[in-house]
Amino acid sequence: MSRLEEIYYEAKADKWLKRFAVFCRVALAVAFLIAGFVKIMGERFAAGLPSNNPLGHYFDALYITGYYYTFIGIGQVIIAILILIPRTSLLGALMYFPVIINILVLTYATRFDGTREVTMMALANLFLLVWDYDRLKHILPFKQPETDAPVVKKPLGVRLRIIFFGGSFAIVAFIIAGTFYLFEIVPGNSEAECINQCATSKNPAACKVFCDCIYKQGKPLDSCLAAFNKAKDLRKVDGK
């Protein structure tokens, strides 16, 4: 057994990491249960998000797809239940992963303010897949070497928890800081939020052009970004 496998099996036996795995399962399940029941009840998801918001356009279109919208909700509830049950948690995590990756790409593409939370959900899902590697490896498309019963020869002890939780904290901090500086301008969750960022923007006038394009004209995000960049270029020309 390799050193990496030793660390893996030691982690699997650690009570704090077990609790963290349960926390991830519950948190992911709750998120999908809420989202799923909203769809099953026939309500628009993220009802407070304006229709002219880039992600609001998507939710409006999804909402009027009839029983497909309900089907998505039922699927999310089923996945949530599967991930909660220990015996089916791996199946739930496998089904959860492509869905959350799709949502993750969607939130980045539309510059949604909830990108941080969705990124953390995707990482939590990935953690659960790694957590169940001892079961998952049997369906992976490559031959698994025969190994003896797991015996940890050099346990890390408390250092394992420090490394894991310290690393997790560092990743969360990086996500929060990274997404904050990722985009020069974002639509926010409302027109007021969008305009508020203009006060600290390097190009307040261009920022207002962007917000007006999003919320008053209702144009696509790419068109409004083009208008924003054009307004910036005009300011540079005028400043010369």
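Screening the stretch 209-224 for residues that are not charged (D, E, K, R) and not in a helix (DSSP H, G or I) and picking the one that is surrounded by the most Cβ atoms within 10 Å (Cβ to Cβ) gives GLY218. Going by the conditions given, is ILE176 touching a residue at least 60 places away in the same chain (Cβ under 8 Å) and assigned by TED's automatic domain parsing to the domain that holds THR115? Judged against the criteria, ILE176 is a match. Flag: VAL26 matches the condition of being β-branched (Val, Ile, Thr), in contact (Cβ under 8 Å) with a residue 40 or more places away in the chain and either surrounded by fewer than 17 Cβ atoms within 10 Å (Cβ to Cβ) or on the phi > 0 side of the Ramachandran plot (or both).
With respect to (1) basic (Lys, Arg); (2) surrounded by fewer than 20 Cβ atoms within 10 Å (Cβ to Cβ); (3) in contact with a Ser or Thr (Cβ under 8 Å, 6 or more places away or on another chain), the lone exception for LYS39 is condition (2). When the stretch 181-208 is examined, which residues are found to be surrounded by fewer than 19 Cβ atoms within 10 Å (Cβ to Cβ) and in a helix (DSSP H, G or I)? Passing the criteria: GLU191, ALA192, GLU193, ILE195, ASN196, GLN197, CYS198, ALA199, THR200, PRO204, ALA205, LYS208. For LEU123, the requirement of being within 19 Å of LYS12 (Cβ to Cβ), surrounded by 12 or more Cβ atoms within 10 Å (Cβ to Cβ), of a type in the set (A, V, I, L, M) and out of contact with any Ser or Thr (no Cβ under 7 Å at 6 or more places or on another chain) is met.
For the subset of the stretch 1-29 comprising residues that are basic (Lys, Arg) and more than 18 Å from the chain's Cα centre (by Cα), which member is farthest from GLY92 (Cα to Cα)? The residue in question is ARG3.
List every residue pair whose Cβ atoms sit under 6 Å apart, with the two residues 6 or more apart in sequence or on different chains, where the first one lies in the stretch 53-64 and is in contact (Cβ under 8 Å) with a residue 12 or more places away in the chain and crowded, with 16+ Cβ neighbours inside 10 Å and the second, anywhere, is of a type in the set (A, V, I, L, M) and part of a helix (DSSP H, G or I). Final answer for the pair search is PRO54/LEU221. When we screen ILE72, ILE101, ILE78 for residues that are surrounded by fewer than 17 Cβ atoms within 10 Å (Cβ to Cβ) and closer than 30 Å to SER223 by Cβ, the only hit is ILE101. Of all the criteria given as (1) at pLDDT below 95; (2) of a type outside the set (Phe, Trp, Tyr); (3) surrounded by fewer than 16 Cβ atoms within 10 Å (Cβ to Cβ), the one not satisfied by LEU49 is (3). The combined condition, being more than 27 Å from the chain's Cα centre (by Cα) and in contact (Cβ under 8 Å) with a residue 60 or more places away in the chain, is not fulfilled by PRO187.
The values are calculated or read from the model by the stated rules, or taken from the named source; none is laboratory data. Keep in mind that this is a model prediction, so the values were computed, not measured. For neighbour counting, all protein chains shown are included, and Cβ atoms are generated from backbone atoms with ideal geometry for every residue, glycine included.
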